[in-house]
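Okay, so here's the structure we're looking at.
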Amino acid sequence: MSSFKLKLAAFGAALFLALPAAPALAQAGKAPAKLTFRLDWKPSGAHAPFYIGKALGYYAEEGIDLEIISGSGSSDSVKQLGANAVDMALVDGLVLAQAGEQRVPIKSVAAYYTRTPIAVISPKAKPITSAAQLTSGAKIGSKRASSTYQGLTALLAVNKIDPKRVNIVDIGFGVQPLLVGQVDALMGFTMNEAIEAESAGMPVHEMLIADQGVVAYGLTLASGDRFLKAKPELVRAFLRATRRAVQYTATHQQEAVAALAKSVSEMDPARELKVLGKAMPFWSVQGQDLSSFGTQSLEGWQQTVETAQRVGLVEKAPAAKDLFADGFLK
């Protein structure tokens, strides 16, 4: 097996149904339970719900003393969860599928991004609007072995395009190659590279790979099997507070970013407001409202596993039913 296959990939709003009352733990006045939650990466506008939820006391009302920890990639989060070093974490769906193949005892309890936010980003003046255009000779920039390169691999596979027909240019991270015309498009995240390019003065067109046949969960809220078994009510309480925070964030975006900025130094609120705006559509199932936040299914996980196979992240596919735990979001 290649080192690439062994490497973990580093990778308005609608009203909800009435939320359940705060659990007995909070109502009885008991000391809140500590819960450590690790982000997938450094705090950004995409994580604003957790910060505004904490600031407004949503987690405290559920009997939770929430500690939010900055992340360094989904693969590191998997290791932390597997070692029971943190209670819950944001983990990319494809990385979780790979962890399943390696029998790391963790599961998704809710989808944070119900689909992948990876996109083909091109100048609006000369956009790439379909997968078929990738074979037209355009130079497509991507960092090999990165999560966005895996997204490109999946995009080609699902559209039955031979990679040899695509002019792929191995570039580093950042959007400079696109800005200077070294490439005609690049692979990136809608809430990252697309914002960077436009901030640098280049209006861009985004072709989401999720709209071109790539079906896979994006970020998921995951936990270790031991924690799920030992403290199921605490997990349910965390998800209730998070759903409530997501709902509030959708209608109070500036306030949510302000709570984030207050907790994180050297934060550019204007930029993170844009990041938040890009992240919000992924909180719900496409075509549905925010009441679908967190939705995951056996079919969705089976498709995520199949995508993981296409990009070479797994060889022996794990059983989709073993990758998620249902019923915690009720």
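The values are calculated or read from the model by the stated rules, or taken from the named source; none is laboratory data. As the structure is a computational prediction, the values presented were derived from the model and not from experiment. Glycine gets a Cβ as well: all are built from the backbone with ideal geometry, and neighbour counts include every protein chain shown. Note: areas computed on protein heavy atoms with side chains; ligands, DNA, RNA excluded. Shrake-Rupley method; radii C 1.70, N 1.55, O 1.52, S 1.80 Å.
Computing the accessible area with a 1.4 Å probe over protein heavy atoms, can you report the carbon and sulfur percentage for segment 143-216? Carbon and sulfur together cover 50 percent of it. Computed from point charges on the beta carbon alone (+1 for Lys and Arg, -1 for Asp and Glu), the dipole magnitude for segment 65-125 about its Cα centre is near 320 Debye. Taking a sphere under 15 Å around the Cβ of P123 and counting the other residues whose Cβ falls inside, with K and R at +1 and D and E at -1, yields a net charge of -2.
Taking the charge dipole of the chain about its Cα centre, with +1 at Lys and Arg Cβ atoms and -1 at Asp and Glu Cβ atoms, the residue from P269, W301, Y112 reaching farthest to the positive side is W301. Each Lys and Arg Cβ is given +1 and each Asp and Glu Cβ -1; about its Cα centre, segment 154-208 then shows a dipole of about 300 debye. Under 20 Å of direct C-alpha separation, and excluding same-chain neighbours fewer than eight residues apart, K42 reaches these aspartates and glutamates: E67, D76, D87, D92, E193, E196, E255, E266, D268, E272. Relative to one another, the C-alpha centroids of segment 113-143 and segment 222-300 are positioned 27 Å apart. Dipole orientation for the chain: of the candidates V166, G287, L66, V166 has the Cα lying most toward the positive pole (charges on Cβ; Lys, Arg +1; Asp, Glu -1).
So if I place +1 on the C-beta of Lys and Arg and -1 on the C-beta of Asp and Glu, and nothing else carries charge, what would the dipole magnitude of the chain be about its Cα centre? I want it in debye, nearest 20.
460
Each residue of segment 298-313 was assigned a 3J(HN,Hα) from its phi angle through the Karplus curve 6.51 cos²θ - 1.76 cosθ + 1.60 (θ = phi - 60°); the sequence is 4, 4, x, 6, 5, 5, 5, 4, 4, 5, 4, 5, 4, 8, x, 6 Hz, with glycine and proline shown as x.
Can you compute the FRET efficiency between N159 and V180 using 1/(1 + (r/R0)^6), with r the Cβ-Cβ distance and R0 = 41 Å? Round to the nearest 0.05.
Plugging the Cβ-Cβ distance into 1/(1 + (r/R0)^6) gives 0.90.
The slack between E233 and E67, meaning 0.36 nm per residue of separation minus the straight C-alpha distance, is 58.0 nm.
Between D326 and N84, the FRET efficiency from the beta-carbon distance, with R0 = 22 Å, is close to 0.50.
Sequence-ordered 3J(HN,Hα) estimates for segment 243-249 from the Karplus curve with 6.51, -1.76 and 1.60 and θ = phi - 60° stand at 4, 5, 5, 4, 4, 5, 4 Hz, glycine and proline given as x. In this structure, the amide hydrogen of G294, modeled 1.01 Å from its nitrogen in the peptide plane, lies closer than 5 angstrom to those of A111, counting only residues at least 5 positions away or on a different chain.
Multiply the residue separation of T135 and E255 by 0.36 nm, subtract the distance between their alpha-carbon atoms, and state the gained length in nm to one decimal.
Roughly 38.8 nm would be gained on extension.
Model label points for Q288 and T36, set 7 angstrom from Cα along the Cα-to-Cβ axis, are 3.3 nm apart. When the helices of the chain are scored as -39500 (n - 2.57) per DSSP H run of n ≥ 4 and the total is divided over every residue, the value at 222 nm lands at -10500 deg cm²/dmol.
State in Å² the accessible area per residue of the chain; use a 1.4 Å probe, count heavy atoms of protein chains only, and round to the nearest integer.
Here the per-residue accessible area is 44 Å².
Normalised by 2.2 N^0.38 Å, where N counts its residues, the alpha-carbon radius of gyration of segment 263-327 equals 1.54. Projecting label points 7 angstrom from Cα along Cα→Cβ for E315 and Q302 puts them 2.5 nm apart.
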